[in-house]
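Enquirer: There's a structure below that I have some questions on.
The values are calculated or read from the model by the stated rules, or taken from the named source; none is laboratory data. Note that this is a predicted model, so its numbers are computed, not measured. Neighbour counts are summed over all protein chains in view; Cβ atoms, including those assigned to glycine, are modelled from backbone coordinates with ideal geometry.
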Amino acid sequence: MTRRVAVKIGDQLFQREDGSAFGSVVGIHAHELLVEIEGVGQAVLPGVAIKAVHDGKLIVDINQLPPPLRTSIMHAHDRETE
């Protein structure tokens with residue numbers, strides 16, 4: 001069964017609750033989201049990869065994503081310096 005959740009443009013994407021955001025929602029479609037991944041650009045995120053939505057945060061199960069997108073997310077912060 002499909003369930004609808006309230007997702008908004010600008011909601012932040014996270015791999016886990018206590019992690020850093022790796023991107024944000026830039027477009028919403030029936031079964032997928034258009035997202036901007038930091039340091040990578042835009043990508044399509046299938047709805048089945050969303051584990052939780054609350055307080056402007058989307059928790060993403062990256063194991064539900066194709067390998068190239070998974071790799072991009074894991075390296076989203078590589079260009080940042082401390």
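Enquirer: Considering only the stretch 45-58, I want to know if a residue exists there that is modelled with pLDDT of 95 or more and crowded, with 17+ Cβ neighbours inside 10 Å.
Expert: Yes, some residue in the stretch 45-58 is modelled with pLDDT of 95 or more and crowded, with 17+ Cβ neighbours inside 10 Å.
Rundown of residues vs (1) over 21 Å from A6 (Cα atoms); (2) not in a helix (DSSP H, G or I), yes/no style:
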{"residue": "R16", "(1), (2)": "no, yes"}
{"residue": "V35", "(1), (2)": "no, yes"}
{"residue": "G39", "(1), (2)": "yes, yes"}
{"residue": "I59", "(1), (2)": "no, yes"}
{"residue": "L69", "(1), (2)": "yes, no"}
{"residue": "S72", "(1), (2)": "yes, no"}
{"residue": "D78", "(1), (2)": "yes, yes"}
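Enquirer: If the Cβ limit is 6 Å and pairs must be 6+ apart or interchain, which residue in the stretch 56-82 that is more than 18 Å from E17 (Cα to Cα) pairs with which residue that is of a type outside the set (K, R) and at pLDDT 90 or above?
Expert: L65/A49; L69/A43; S72/I37
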